[in-house]
Amino acid sequence: MADQANPFESLQEQVDDAAVAVDVSPGVLKRLKNPERVLETNLTFELDDGSLETVRAYRSQFNGDRGPYKGGIRYHPGVTRDEVKALSGWMAYKCAVVDLPYGGGKGGIAIDPADYSETELERLTRAFATEIRPLIGEDRDIPAPDVNTGQREMNWIKDTYETLENTTAPGVITGKALDSGGSEGRVEATGRSVAISAREIFDWLDRDLDGATVAVQGYGNAGSIGASLIDDLGGDVVAVSDSSGGIYDAAGVDPDAVKAHKNETGSVTGYGDTETVTNEELLTLDVDLLVPAALENAIDGDLAEAVEADVIVEAANGPLTPDADDVLGERDVWVVPDILANAGGVTVSYFEWVQNRQRFSWSESRVNEELERVITESFDGLVDAYEATDVQNLRTAAYVVAIERIVNAYDQAGSWP
Ligand code: NAD
């Protein structure tokens, strides 16, 4: 990544920026900038050769004023306590900005899953589920997938929890496979909110997404599906990348064919008749729309000086450092913040949880219609807040909306005399 900014400090700075526009007392502001609790633990599990391995794992519960903690579980060598704390905070503000009845949480295990077999990953995941069992529950804390985890891991966690609790509680986790209580539309949901956000910002700016050139950094769940749905809206995807590098074709690429190539070869590189570009080159291409969909800190203040895109829609969590935000603001680059743009994932996770609680499944079209409503209404609320306040950018406006909702819930709960 281009910069080593501490993501937790970035989150705290984002909250500070917005708090200026909201009437928050210093004591409450401190609450809004720090997690309620963080579990940091060892997980010891058996490898296939019979030896034991110990790795570090975390679960951060940031704020539960609006409902159960909610947020994914990441498997990545770069996972740290501060990263998980930041991600849990972004979840709290994300759930508030799209008005879901949830707080924020996040978990992670500091491993590269490519180093382990499937049976080793299952033992590790069950060890983690056992460790967090006292903290989670349908009304307490509801994990979900994040980087390098998906339906398989969610199904294992659900089974571990239900077995140990001697119950059935599919709503304890979301992002499950359909036959294990998952929801239609969940896999596509994050990419879908990215595409809806792109459509809404172009519309608000009076620009045409049809024919706009698009570059996407990161070609996993959020990036590849976002690219495909933006292409459906007429966007012209000219460059994409993953951790192995990037490709560029001024004539545009077929996002689904690139995805098929990645599934076959493990990377987007080498697809068709494309030029090879580095990630840095991709992030500074002269395109209409840039979608960072990999990890935090993709663009720092220095790189932001070289960004040529007019609009950025953040599919990843925390891809711009606060310095980058300042530079891009001065250069009139519009940014739709992560806490709205990628909120499709948690929104359909919420629909999955509602379906699990009701023991009643929705059709895919119902899921997509409800998601469309949530994201467009939230976008409208965000630009209303931006226009009504004197804040510097759409990110700060999003935090203003979210902080007001969290603080209202906290105030209304009253105090114990
Ligand atoms: P994923 O594991 O499916 O994909 C991540 C992609 O990023 C992979 O293609 C990987 O090769 C690429 N990548 C990693 N490092 C890179 C680098 N330095 N340069 C370029 N590409 C790089 O993960 P995902 O679920 O798509 O998550 C991506 C981002 O979106 C994360 O920030 C995640 O927190 C966020 N997000 C995901 C969801 C979801 O529902 N999946 C929801 C909200 C936010």
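The values are calculated or read from the model by the stated rules, or taken from the named source; none is laboratory data. Model, not experiment: these values are computed from the prediction. FYI the Cβ positions are ideal-geometry reconstructions off the backbone, even for glycines, and counts take in every protein chain you see. These accessible areas exclude ligands, DNA and RNA; they are computed on the full protein's heavy atoms, side chains included. Shrake-Rupley method; radii C 1.70, N 1.55, O 1.52, S 1.80 Å.
Side notes on the structure shown:
- Any chance residue 150 is closer than 29 Å to residue 400 by Cβ, outside the structural domain of residue 224 (by TED's automatic domain parsing) and within 16 Å of the ligand (Cβ to nearest atom): no
- Check on residue 8, outside the structural domain of residue 125 (by TED's automatic domain parsing) and either more than 15 Å from residue 91 (Cα to Cα) or within 16 Å of the ligand (Cβ to nearest atom) (or both): yes
- Residue match in the range 315-338 (condition: small (Gly, Ala, Ser), free of Cβ contacts under 8 Å to residues at least 24 places away in the same chain, more than 17 Å from residue 224 (Cα to Cα) and more than 12 Å from the ligand (Cβ to nearest atom)): no
- Flag for residue 252 being under 25 Å from residue 207 (Cβ atoms), surrounded by 24 or more Cβ atoms within 10 Å (Cβ to Cβ) and more than 20 Å from the chain's Cα centre (by Cα): no
- One residue from 235, 182 being open to solvent by less than 60 Å² (accessible area, probe 1.4 Å), farther than 30 Å from residue 136 by Cα and in contact (Cβ under 8 Å) with a residue 12 or more places away in the chain: 235
- Among (1) open to solvent by 20 Å² or more (accessible area, probe 1.4 Å); (2) free of Cβ contacts under 8 Å to residues at least 60 places away in the same chain; (3) within 16 Å of the ligand (Cβ to nearest atom) - the single one residue 158 does not satisfy: (3)
- Any chance residue 264 is surrounded by fewer than 19 Cβ atoms within 10 Å (Cβ to Cβ), without any contact (Cβ under 8 Å) to a residue 24 or more places away in the chain and assigned to a helix (DSSP H, G or I): yes
- The listed residues are 198, 127, and the only one of them that is open to solvent by 20 Å² or more (accessible area, probe 1.4 Å) and touching a residue at least 40 places away in the same chain (Cβ under 8 Å) turns out to be 127.
- Apart from one condition, residue 397 fits all of (1) away from the ligand (no atom under 16 Å from the Cβ); (2) assigned by TED's automatic domain parsing to the domain that holds residue 193; the exception is (2).
- The number of residues in the range 295-312 being hydrophobic (A, V, I, L, M, F, W, C), within 24 Å of residue 91 (Cβ to Cβ) and either within 12 Å of the ligand (Cβ to nearest atom) or open to solvent by 20 Å² or more (accessible area, probe 1.4 Å) (or both) comes to 3.
- Checked against (1) crowded, with 19+ Cβ neighbours inside 10 Å; (2) within 18 Å of the chain's Cα centre (by Cα), residue 150 passes all but a single condition, namely (1).
- Yes/no for residue 139 being closer than 30 Å to residue 215 by Cβ, modelled with pLDDT of 95 or more and either in the same structural domain as residue 224 (by TED's automatic domain parsing) or surrounded by fewer than 20 Cβ atoms within 10 Å (Cβ to Cβ) (or both): no
- The criterion of at least 1 residues that are of a type in the set (Asp, Glu) and open to solvent by 50 Å² or more (accessible area, probe 1.4 Å) is met, among helices (runs of 4 or more DSSP H) falling completely within the range 1-100, by 7-19.
- Residues considered: 327, 335. Of these, the only one that is out of contact with any His (no Cβ under 9 Å at 6 or more places or on another chain), β-branched (Val, Ile, Thr), outside any strand (DSSP E or B) and open to solvent by 10 Å² or more (accessible area, probe 1.4 Å) is 327.
- Complete set of residues in the range 136-167 that are among the hydrophobic types (A, V, I, L, M, F, W, C) and more than 22 Å from residue 345 (Cα to Cα): 164
- Residues of the range 1-57 classified as touching a residue at least 12 places away in the same chain (Cβ under 8 Å), closer than 26 Å to residue 115 by Cβ and of a type in the set (A, V, I, L, M, F, W, C), total: 9
- Within the range 272-294, the only residue that satisfies the criterion of being part of a loop (DSSP other than H, G, I, E, B), near the ligand (Cβ under 10 Å from one of its atoms) and open to solvent by 40 Å² or more (accessible area, probe 1.4 Å) is 278.
- Some residue of the range 340-352 being outside any helix (DSSP H, G or I), open to solvent by less than 20 Å² (accessible area, probe 1.4 Å) and within 14 Å of the ligand (Cβ to nearest atom): yes
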